[in-house]
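Contents: one structure, followed by commentary.
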Amino acid sequence: MTIDRFDDESALSAALATYVLEQIVVRPSLVLGLPTGRTPLGLYRELRERSRGDRIDWSRVRTFNLDEFAGLPSAHPASYRAYMQAELFDHVSIDPANIGFLDGNAVDRTEECRRYEDAITAAGGIDLQILGIGANGHIGFNEPASGLRAHTHVAELERETREANADRFGGQWRNVPECALSMGMATILNATEIVLIATGAEKAEAVRGMVEGLITTRLPASLLQVHPRVTVMVDRDAWSS
Ligand code: PGA
């Protein structure tokens, strides 16, 4: 793992935006894996601003988001699809047909997970997967457990994760869906390159475990140690080692 340290969140976001846009210029049909949450907000702000006035051609870029809440239609304001539309997709020249997303409202969730895996494979796999990390070490909705799923699956959310998402649901963690659809560990580890971003002191312990600890399903991010091309971008607070 390569560790890139930044003074603060805005320096980190600016550096990652530069990297992503460079990749799009070099490879216009880049396949991007994208996260939601608080941490990537600065990245999406930078990408929006620097893509203004069609300065960056997103028309051939394809994206796959990590996860989506189960039981929410994509138009629901708390859905991750709504987050992505508001933070990025509505502001860049991406072709809606090139946006890959899990349908949280699918009647047959198992079939939906299979469809998603097939769509990623048909796109030729993910070139660059960007990840956040939960304070409990989760990536996507792969929560700490005695065993982890390899492929896209229906995941039960930890209370801690529901609490971390409560602000999208009127501040009430009980209103956060109990389940989500999420890429699995193999889906993530199959990406050619992975960049994980972490900011704030509440992530420091998980980051330390991910980088320095044993590989364990109790800290799903630690599995990234087996991947040959992972960069961990941290601000000062998230790097206490
Ligand atoms: P956050 O979430 O960016 O809102 O902290 C990260 C995650 O849970 O993966």
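Just one of (1) over 14 Å from the mean Cα position of the chain (by Cα); (2) open to solvent by 10 Å² or more (accessible area, probe 1.4 Å); (3) farther than 16 Å from Pro40 by Cβ; (4) not hydroxyl-bearing (Ser, Thr, Tyr) trips up Lys203, so point out which. The one condition Lys203 does not meet is (3). Screening Thr199 against (1) in contact with a helix residue (DSSP H, G or I) (Cβ under 9 Å, 6 or more places away or on another chain); (2) over 26 Å from Gly125 (Cα atoms); (3) away from the ligand (no atom under 11 Å from the Cβ) leaves a single unmet condition, (3). Of all the residues in the stretch 51-64, those that are touching a helix residue (DSSP H, G or I) at 6+ places or on another chain (Cβ under 6 Å) and either acidic (Asp, Glu) or within 16 Å of the ligand (Cβ to nearest atom) (or both) number 1.
Just so you know, in the stretch 206-218 the residues that are open to solvent by 10 Å² or more (accessible area, probe 1.4 Å) and under 17 Å from Thr231 (Cβ atoms) include one that is farthest from the ligand (Cβ to nearest atom), and it is Glu212. Filtered by the rule that a residue be on the phi > 0 side of the Ramachandran plot and in contact with a Phe, Trp or Tyr (Cβ under 7 Å, 6 or more places away or on another chain), the stretch 65-101 gives no residues. Output the number of residues of the stretch 90-112 satisfying the condition of being without any contact (Cβ under 8 Å) to a residue 24 or more places away in the chain and assigned to a helix (DSSP H, G or I). Qualifying residue count, the stretch 90-112: 4. Figure legend. Inter-residue proximity from the stretch 62-83: first residues in contact (Cβ under 8 Å) with a residue 60 or more places away in the chain and buried (at least 20 other Cβ atoms within 10 Å of the Cβ), second residues of a type in the set (A, V, I, L, M, F, W, C) and assigned to a loop (DSSP other than H, G, I, E, B), beta-carbon distance below 6 Å, spacing 6+ or different chains. Indicated pairs: Arg62/Ala123; Leu66/Met183; Asp67/Phe141; Glu68/Leu102. Please list, ordered by first then second residue, the pairs with beta carbon atoms under 7 Å, 6 or more apart or interchain, first in the stretch 35-52 and farther than 24 Å from Ala180 by Cα, second within 14 Å of the ligand (Cβ to nearest atom) and open to solvent by 30 Å² or more (accessible area, probe 1.4 Å). What qualifies is Gly42/Glu9. Inspect the stretch 167-179 for any residue being within 12 Å of the ligand (Cβ to nearest atom) and either out of contact with any helix residue (DSSP H, G or I) (no Cβ under 7 Å at 6 or more places or on another chain) or among the β-branched types (Val, Ile, Thr) (or both) and give the result as yes or no. Yes, there is a match, as at least one residue in the stretch 167-179 is within 12 Å of the ligand (Cβ to nearest atom) and either out of contact with any helix residue (DSSP H, G or I) (no Cβ under 7 Å at 6 or more places or on another chain) or among the β-branched types (Val, Ile, Thr) (or both). I want to confirm something. Restricting to the stretch 113-132 and keeping residues that are among the aliphatic types (A, V, I, L, M) and assigned to a helix (DSSP H, G or I), which single residue is nearest to the ligand (Cβ to nearest atom)? Across the stretch 113-132, the extreme among qualifying residues is Ile120. Return yes or no: is Ala82 modelled with pLDDT of 95 or more, more than 16 Å from the ligand (Cβ to nearest atom) and in a helix (DSSP H, G or I)? The answer is no for Ala82. The residue that is farthest from the ligand (Cβ to nearest atom), among those in the stretch 30-50 that are closer than 20 Å to Thr187 by Cβ and out of contact with any Ser or Thr (no Cβ under 6 Å at 6 or more places or on another chain), is Leu30. Just checking, does the stretch 4-19 include any residue being crowded, with 20+ Cβ neighbours inside 10 Å, more than 23 Å from Thr199 (Cα to Cα) and either at pLDDT 95 or above or touching a strand residue (DSSP E or B) at 6+ places or on another chain (Cβ under 9 Å) (or both)? No, the stretch 4-19 has no match at all.
All of Asn98, Asn142 fail the test of being out of contact with any Lys or Arg (no Cβ under 6 Å at 6 or more places or on another chain) and either crowded, with 16+ Cβ neighbours inside 10 Å or within 30 Å of Glu22 (Cα to Cα) (or both), apart from Asn142.
The values are calculated or read from the model by the stated rules, or taken from the named source; none is laboratory data. Just so it is clear, the model here is predicted, and its values are computed rather than measured. Reconstructed Cβ throughout: ideal geometry from the backbone, glycine too, with neighbour counts over all protein chains shown. With ligands, DNA and RNA removed, areas are computed over all heavy atoms of the protein, side chains included. Shrake-Rupley method; radii C 1.70, N 1.55, O 1.52, S 1.80 Å.
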